Amino acid sequence: MKLSPPQLLLWGLLSVPGVWIVARHATGALGYGEAIQLSGEWAVRLLVVVLAVTGLRLAFPRAGWTVWLLRRRRDLGVAVFGYALLHLGVYLARKAEMPVLIVREALDPGMAVGWVGFVVFAVLAITSNDASVRALGPRWRILHRMVYAGAALTIAHWVITAFDPLVGWIHGGVLAAVILVRLALRRKTVRAG
Ligand code: HEM
């Protein structure tokens, strides 16, 4: 796969927080709790951006940057999975010598929804390429509606597992608002057209 210069720039920017988290965690400057928190939060922040793309396109139909954003939506979605993978990597590295504990924790409701959410984002990332779009045809769009389930599972994971769930609820509210605005704009566009 060949990346265009703007796409390379986008991936460079998307990688900055991840490289920072990995480098600081590897040197011990960033503890386990902070690394798990930052990687999870970046996954959710990028998810907000992914879900805001269609709404921005509908709100600013004449702006060229919204077309560019729409074309890059799949990259942003893959980056959400990248941060979820980093988050899982931090977790597994910490518990590598305790496989029984990983299984026991996975049965806890807050962690179980996290694991299911991770599988959802993995399926979406694996099918975020032209070959999958061609192979799945109209079913691709239906499959990718799973992003809403992934978002709901992630917020549930956050508010159940976090010591203070307030920030999780705030991100859940932002995600819900982004989805509602997008639905309202879509309805307005259909009525006007
Ligand atoms: C693969 C399965 C997953 C595991 C094993 C896992 C593990 C964890 C752990 C251990 C915590 C810390 C809980 C605490 O504070 O005690 C956490 C929090 C969190 N996770 Fe996950 N997680 C998973 C999936 C996900 C996914 C898919 C996302 C996002 C796409 C995510 C986002 C978050 C967020 C945002 C937090 C809260 C961070 C904070 O407290 O600010 N997690 N997760």
Failed condition for Ala23, given (1) open to solvent by less than 60 Å² (accessible area, probe 1.4 Å); (2) part of a loop (DSSP other than H, G, I, E, B); (3) more than 16 Å from the ligand (Cβ to nearest atom): (2)
Test: residue in the stretch 83-104 that is open to solvent by 40 Å² or more (accessible area, probe 1.4 Å) and closer than 30 Å to Arg62 by Cβ: no
Residue in the stretch 108-117 that is surrounded by 17 or more Cβ atoms within 10 Å (Cβ to Cβ) and either more than 10 Å from the ligand (Cβ to nearest atom) or among the hydroxyl-bearing types (Ser, Thr, Tyr) (or both) present: no
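Residue-wise test of (1) modelled with pLDDT of 95 or more; (2) closer than 22 Å to Gly55 by Cβ.
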position	(1), (2)
Phe121	yes, yes
Arg134	yes, no
Ala151	yes, yes
Thr154	yes, yes
Pro165	yes, no
Val178	yes, yes
Arg182	no, yes
Arg186	no, yes
Val190	no, yes
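Being within 16 Å of the ligand (Cβ to nearest atom) and modelled with pLDDT of 95 or more narrows it down to one of Leu13, Leu47, so name that one. Full working, then the answer.
Working: Leu13 fails: within 16 Å of the ligand (Cβ to nearest atom).
Exactly one residue qualifies, and that residue is Leu47.
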Any hit, the stretch 131-144, residues being open to solvent by less than 80 Å² (accessible area, probe 1.4 Å) and under 14 Å from the mean Cα position of the chain (by Cα): yes
Per-region count, the stretch 55-74, residues surrounded by 12 or more Cβ atoms within 10 Å (Cβ to Cβ) and either assigned to a loop (DSSP other than H, G, I, E, B) or within 16 Å of the ligand (Cβ to nearest atom) (or both): 3
Residues within the stretch 119-130 that are away from the ligand (no atom under 16 Å from the Cβ) and either open to solvent by 50 Å² or more (accessible area, probe 1.4 Å) or in a helix (DSSP H, G or I) (or both), tallied: 2
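The values are calculated or read from the model by the stated rules, or taken from the named source; none is laboratory data. This one's a predicted model, so the numbers in the text were calculated from it and none came from an experiment. Every residue, glycine as well, gets a Cβ built from its backbone with ideal geometry; the counts of neighbours run over all protein chains shown. The accessibility values were calculated without ligands, DNA or RNA, using every heavy atom of the protein model including side chains. Shrake-Rupley method; radii C 1.70, N 1.55, O 1.52, S 1.80 Å.
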